[in-house]
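Since the structure comes first, as structure tokens, the remarks are kept for the end.
What follows is calculated from the coordinates using simple rules that are stated; it is not laboratory data. Predicted, not measured: the structure shown is a model, and the values here were computed from it. As a convention, Cβ positions derive from the backbone with ideal geometry for all residues, glycine included, and neighbour counts pool all protein chains shown.
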Amino acid sequence: MNNQNENQACRTSKSSAAILGPIARKTAGCALMSLCLQLVAGQASAQTNVQIYGVVDNAIQSTFGQGTLGQTKTEVTSGYFAASRLGFKGSEDLGDGMKAFFQLEMGLATNTGALQQGGRLFGRTAQVGISSSLGSLALGRLGTPGSGTGPYNMTNGPKPIDPFYLGYGAAGWANSSNTMALPLRADNSLVYRTPQLGGLTFAGLYSFQRDGTEAVGASTNARVTGLGLSYDHGPLFAMISYDHTDNPLPGQPAQTALQVGAVYDFNIVKLHMMAGQEKNEFLFSTAVESALASRANFAAIGLTVPLSSGRIMLGLQARKASQIQGGSYGRRIASVGYTYDLSKRTALNMAFSDSRANQALASNPSFNFRQVGCGVSHFF
């Protein structure tokens, strides 16, 4: 009986081994393959870095006195504090201190779901380049150093010249500075930025055609040259930028913009200042004056005061423009705002602005209004 049981147990063991053997081998093979993939992925991740990031920012905004009849307009608006976006960026270590990098960033109207920047898929930024100890060199669609947008801008970076970060509706200083208001992004661009040397950083951009593909002959393209120089040391950040856009029409003047700005951190308060001059800005925008405007000067001053888990922002901006056929226009905007940080990535944002125009625009409700807004922004 015992022999019979032993024989049966032996047959059962052999049968189990016959069944489990292939399963065990397959399991071991899968485990080995998984380990190899992890090792390869670990080696690749040590050399490359890819990041998905973005901003979702919406607000409710009411404007009192806007439009031809001076009505009140209440709306849900996108990009109140920061423009809503979705982006992809990454880099690869090439050795010897060199890196390859890329960035693709789309602008989104998160109140409607539509694409921004004229429907471009990656209208905010599209670039690929190489960086080393000598600086960064890139090709693509990029903002100029004075545009207030993109990785090479010097007006709206980690130490923004504008306390309102060019946002908060009418409060942002882009309403007085057309170049930042566009903002001036250029297709077909080549850009170079130096490393920081003694607090100084230089950036230069050249676009072979600002919008769309290049045409035959340099004179038929709206070419852009953008230059910027910044100084960052201790509590002081200062910058100067110059943008020049060729007019492809024969005999027509180029658009130029010169801007200077600074922010100084006194610990208990930050002082923001900016001034500049634009010529022939009607080529691409008409922020205040008519299409006949030929020259505009602007200036702005503001404060940022830390308060609780947020900050109070105060700003006053003014613009004066003259026309080719005579006459002048002026506008000033006074604003106060507050941002409350719910976390490192989420904030509540609110602002009130009073806009007043004089001379020929004194009775125009599009430039004489009060505006209040409140929204939420989330960074990821």
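Based on C-alpha pairs under 8 angstrom that are at least 6 apart in sequence, the range 51-379 has a relative contact order of 15 percent. In summary, the aspartates and glutamates within cross-link reach of residue 344, defined as a Cα separation below 18 angstrom excluding same-chain residues under 8 places away, comprise 57.
Distant-in-sequence amide contacts of residue 310, defined by a placed amide H-H separation under 5 Å and a gap of 5 or more residues or a different chain, comprise 341.
The Cα atoms of the range 51-379 cover 61, 55, 40 Å along the three principal axes, with the biggest extent listed first. Amide H contacts of residue 81: 168, each under 5 Å away and 5 or more positions distant or on a separate chain (H built 1.01 Å from N in the peptide plane; Pro and chain starts excluded). When 56, 372 are arranged by Cβ crowding within 10 Å, least crowded first, meaning fewest neighbours, the order is 372, 56.
Taking amide H as placed 1.01 Å from N in the peptide plane, the amide H of residue 215 sits under 5 Å from none that are at least 5 places away or on another chain. Residue-wise HN-Hα couplings along the range 49-60, as the Karplus relation 6.51 cos²θ - 1.76 cosθ + 1.60 with θ = phi - 60° gives them from phi, are 8, 10, 10, 9, 9, x, 9, 10, 9, 10, 8, 9 Hz; Gly and Pro carry x.
Each principal axis of the Cα atoms in the range 54-111 has its own extent, and those three values, largest first, are 64, 17, 14 angstrom.
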